[in-house]
Every structure is written in C-alpha cells, then in structure tokens.
Amino acid sequence: MTESPAHPALWPAPVAPGAVDATVTVPGSKSVTNRGLVLAALSSEPGWLRRPLRSRDTLLMAEALRTMGVGIEETASSSSAGSADAVDRPGGGEAWRIIPAGLHGPATVDVGNAGTVMRFLPPVAALADGPVRFDGDPRSYERPLGGVIDALRSLGARIDDDNRGALPMTVFGSGALEGGAVEIDASSSSQFVSALLLSAPRFNQGVEVRHVGAALPSMPHIRMTVDMLRSVGAQVDTPEAGGEPNVWRVTPGALLGRDLVVEPDLSNAQPFLAAALVTGGRVTIPDWPEHTTQPGDALREIFTTMGGSCELTEQGLTFTGSGRIHGIDVDLGEVGELTPGIAAVAALADSPSTLRGVAHLRLHETDRLAALTKELNELGGDVTETADGLHIRPRPLHGGIFRTYEDHRLATAAAVIGLAVEGVEVENVATTAKTLPDFPALWTDMLAASPGPARRV
C-alpha cells in the first residue's frame, strides 16, 4: 500500500442535508476513451471520438500517442457545439479527431499511474520505428507488467526492462511485429489480454492469446475490448463464441476509422447512485446505455440488492434509495473496480457484508483491500481482510481523516461515507481527476440540489 503524503490537503466531505434529489451527468468512460484512442491510432483512416473523457489517464494516453506520431486534434463537436448539451454535459461539446500516421521513436511515454497506458501502449510501441521509453509515477513501478513484457518478447519484440518485469523500460520498435500464438497468465489483470488484442490486427500473424493460470478478473473489460475491435472491422474469435476456453484469436487486417460516441462512465456514476442509497433519495444519471460491456452496469443489481430500486428509461437511469441499507454477500471478481464504493455503503448498512473475488485489488493504484480496511477501521469501522476480499461488520462511525493513497476510488468512497458521518476529511481529493474531473464540484452541486425539486448538475 503506497504511503500518502505526510501533510496532505484535506477536503471536508459534506454531510447530506437530507434525501438527495438530483440529476447528475457524469463524463465519458475512461475505459472506452482509452481503447478508442488506441484503435483509432492503429486504423487505416482518420476517426472521431465524441464526448471523450478528459482526465489524467486519458490525457496521458493521448499525449503518449502523439509522441509516437499520431495526430490528435481536440475540437468542439459540430453536432453539439452551442447546444444545451454542450453546456451541461461534461465533454458534451467536445470531439477528438485521431489521424493515424507512421508510428515512430525515439519517444518517451509518461504512463502516470494509468494501467491502460502502461499495458496497452507497449504493443503499440513494438509497431513503431525506433525506441520508445516508458516511465511513470513511483507506484507504476510496483504494478504488474511482466505478463505483457514476456508475451511481447515471445511474439518478437525487443524490450529492455533490466529484468524487472516492470517499469521503467524501453521498447525497441522495428516497425512491425510477427505475432502468433502466446500463453499468458493474466490472473493479476485482464488488461494483459486486452493489451495484446488491441494491437493484434497490425501484427503480421495476428495473435492467439491463451490465458493460463487462475481465474481471469474483470471479464467485462475483455468483452469491451472485443466489441470495440469488432466495431472497427477486426475479426476476433472468443470463448463466448464457441471457441476454446480462455483463448482469443485476432486475424491480421486493416482497422477502419469510425465515429465513436463515448458512453458515460458507469463506474464513475457509482458515488452518485450510492448517495441515493445512503440518504434514501433519488439520483438520475442521463444516457445510461440499455446495453453495455461496462462493469459499472452491475450497480443496478448490486445496489438494488442493498436496498434501492432503479428504472431505466430513454432519459437514463433513475436510482431511488429506500431509506434502509442492507448488507450483501457478493462476488465482485468481474467488477472489482466497484469494490471501494460498495465497501463504503456496506459500512453504513444494517447487517454485515462479504465482498469476494477481488484479491487482485491488492495490485491496483494502491493495495485497495488493505487501504479500505485501515481507513474504515480508523473511522470506527469493523473491517477484516480475507484471502480474496473484505468482511464488513457495520459499526457507528465517527469523523477523521480518510487517506486515499493517490487512489481515485478511495477518495469517492470517502465522500460517500461523509454523507452520513460528520467530520470526515478526505486527503487529496484531487486524485479523483485521474478518471473523474471536477468531482468535488459535481458532489457539492448534487447536494445543493437537495432536498427539494431535482435540478440538473
């Protein structure tokens, strides 16, 4: 667990004045934005990303691609500029035009602490002509990357990582990569699989990725990768389509430039839905998709089980709390990123909860299991780590400092606790800018709209 700064800036988490009643428009999906950027950069013709997420992780991805020669023009979308949507939808009037070019080095990529950047771009760099150096935040040196490095080497790439299996490292691109069959243990991150699949259409032989090891976490993200590959013309064979278990095959071929509208980030909608559950209120998230591969869609079922109800209409998802929060026993292996927010709600429930299947969270932005246990317990909670998750016994909580360890989801989880507990101070709430820009303003505006008639946030 990465230590927090000794003298952090503290944000007083506001207590809810009553039942929330608001409409909150969340920015675009980080996962869709960064996959869309990579696929557009590897396409044979220009493409568009509309309503992309502008956050630290996505801006790092865009800048990294620019350093390798890709053109990315940020502009107001002609379809929405000047409209009401362009004003009250974060990123609503924005579009990025991606212009593919010959990938080249020398280049230096700053990955920050973004898993998608540090894992998705080494295969792209192997296709570049020249060396590409990868570096990032200190925590990025500790995050798993060896699976991607070993797989790329077996597919023909030359990489210098001083035998660390981690950052910093240099990929010596030769302008092409042979590709072929490769075995990989992706049990620590599904991003290992997605990283190879995204660039595979440009490999000479495509790729056959065979996962060997424990169960894969976060399968919805792999399904997202496959769906987005197919949307730009790639041929992908998957286990779900009758193929071999844990085997994905991508055929080499040109990718088409597309005009992609990025869905709202459903995982980033979590704290706002949690606010409805915690306060017995109502929150509407506009443009919630009817069908999606985003893991955050699981919140509809999970939070309903914990005591709320939801309605999906053409306008979006409206979630209503009942005034009671129930504990839950749930396997979050496919949706691990939701764990911090669910843990925060569970700490305020009327019965114990067990969150399972998320041992891999120990290798995320921080050790999320250890961090949640420590911070909730320091507020008076009773949380125990298990081999693959958390057991949470609700107790009366009190105020105090909630440290975030530069982890955006810990910061939003702390804000949820603060709705019901006076005196919670969130250390480094600015870390939410990693995937959710302007979170403090969105949060306080939601509360300013409540109680009383709903208004747009």
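Among the residues of the stretch 243-261, which ones are assigned to a loop (DSSP other than H, G, I, E, B) and crowded, with 22+ Cβ neighbours inside 10 Å?
If we filter the stretch 243-261 for residues that are assigned to a loop (DSSP other than H, G, I, E, B), which is where we start, we get 243-246, 251-258.
Of everything in the stretch 243-261, just one residue is assigned to a loop (DSSP other than H, G, I, E, B) and crowded, with 22+ Cβ neighbours inside 10 Å, namely L255.
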Please verify whether the stretch 441-452 includes one or more residues that are touching a helix residue (DSSP H, G or I) at 6+ places or on another chain (Cβ under 8 Å), modelled with pLDDT under 95 and not in a helix (DSSP H, G or I). yes
Quick test for you: out of A176, A241, A214, A181, pick the one residue that is farther than 30 Å from A420 by Cβ, small (G, A, S) and without any contact (Cβ under 8 Å) to a residue 12 or more places away in the chain. A241
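Taking the stretch 64-77 as the search range and keeping residues that are of a type in the set (S, T, Y) and outside any strand (DSSP E or B), which one is nearest to V117 (Cα to Cα)?
T67
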As an exercise: evaluate G206 against (1) at pLDDT 95 or above; (2) under 24 Å from G296 (Cα atoms); (3) not hydroxyl-bearing (S, T, Y) and give the number of the one condition it does not meet. (2)
Which condition number does S31 fail, the rest of (1) under 27 Å from D227 (Cα atoms); (2) among the polar types (S, T, N, Q); (3) modelled with pLDDT under 95 being met? (3)
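So, in the stretch 23-63, of the ones that are acidic (D, E) and assigned to a helix (DSSP H, G or I), which residue ends up farthest from V193 (Cα to Cα)? Spell out the reasoning first.
Step one: filter the stretch 23-63 for residues acidic (D, E), giving 45, 57, 63.
So of that shortlist, the ones also assigned to a helix (DSSP H, G or I) come out as 57, 63.
On the way: D57: 19, E63: 23 Å.
Only one residue tops the list, namely E63.
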Can you name every residue in the stretch 301-332 that is surrounded by fewer than 19 Cβ atoms within 10 Å (Cβ to Cβ) and under 20 Å from the mean Cα position of the chain (by Cα)? E301, D331
For the stretch 151-206, please list each of the strands (runs of 3 or more DSSP E) lying entirely inside it that holds at least 2 residues being crowded, with 24+ Cβ neighbours inside 10 Å. 169-174
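Picking from T404, T384, which residue would you name as being polar (S, T, N, Q) and more than 25 Å from the chain's Cα centre (by Cα)? Show your work before the answer.
Working: T404 fails: more than 25 Å from the chain's Cα centre (by Cα).
Being polar (S, T, N, Q) and more than 25 Å from the chain's Cα centre (by Cα) holds for just one of T404, T384, which is T384.
Scan the stretch 135-148 and give yes if some residue there is closer than 22 Å to A107 by Cβ, without any contact (Cβ under 8 Å) to a residue 40 or more places away in the chain and surrounded by 22 or more Cβ atoms within 10 Å (Cβ to Cβ), otherwise no.
To start, the set of residues in the stretch 135-148 that are closer than 22 Å to A107 by Cβ comprises 135-138, 140-141, 143, 145, 148.
With the extra rule that they be without any contact (Cβ under 8 Å) to a residue 40 or more places away in the chain, the set shrinks to 135-136, 140-141, 145.
Of the ones still in play, those that are also surrounded by 22 or more Cβ atoms within 10 Å (Cβ to Cβ) are 140, 145.
Within the stretch 135-148, one or more residues are closer than 22 Å to A107 by Cβ, without any contact (Cβ under 8 Å) to a residue 40 or more places away in the chain and surrounded by 22 or more Cβ atoms within 10 Å (Cβ to Cβ).
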Kindly indicate whether any position in the stretch 155-174 is polar (S, T, N, Q) and within 18 Å of E244 (Cβ to Cβ). no
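In this structure, does A276 turn out to be out of contact with any His (no Cβ under 9 Å at 6 or more places or on another chain), under 30 Å from P17 (Cα atoms) and part of a helix (DSSP H, G or I)?
Details: out of contact with any His (no Cβ under 9 Å at 6 or more places or on another chain): yes; under 30 Å from P17 (Cα atoms): yes; part of a helix (DSSP H, G or I): yes.
Criteria met by A276.
Only one of A441, A413 is surrounded by fewer than 22 Cβ atoms within 10 Å (Cβ to Cβ) and among the hydrophobic types (A, V, I, L, M, F, W, C); which? Reasoning before the result, please.
Numbers: A413 fails: surrounded by fewer than 22 Cβ atoms within 10 Å (Cβ to Cβ).
Just a single option satisfies the conditions, and that option is A441.
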Among the residues of the stretch 333-361, count how many are surrounded by fewer than 22 Cβ atoms within 10 Å (Cβ to Cβ), touching a strand residue (DSSP E or B) at 6+ places or on another chain (Cβ under 9 Å) and more than 23 Å from A276 (Cβ to Cβ). 5
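The values are calculated or read from the model by the stated rules, or taken from the named source; none is laboratory data. In this text, all values refer to a predicted model and were calculated from it rather than measured experimentally. Cβ atoms come from the backbone with ideal geometry, glycine included; neighbour counts cover every protein chain shown.
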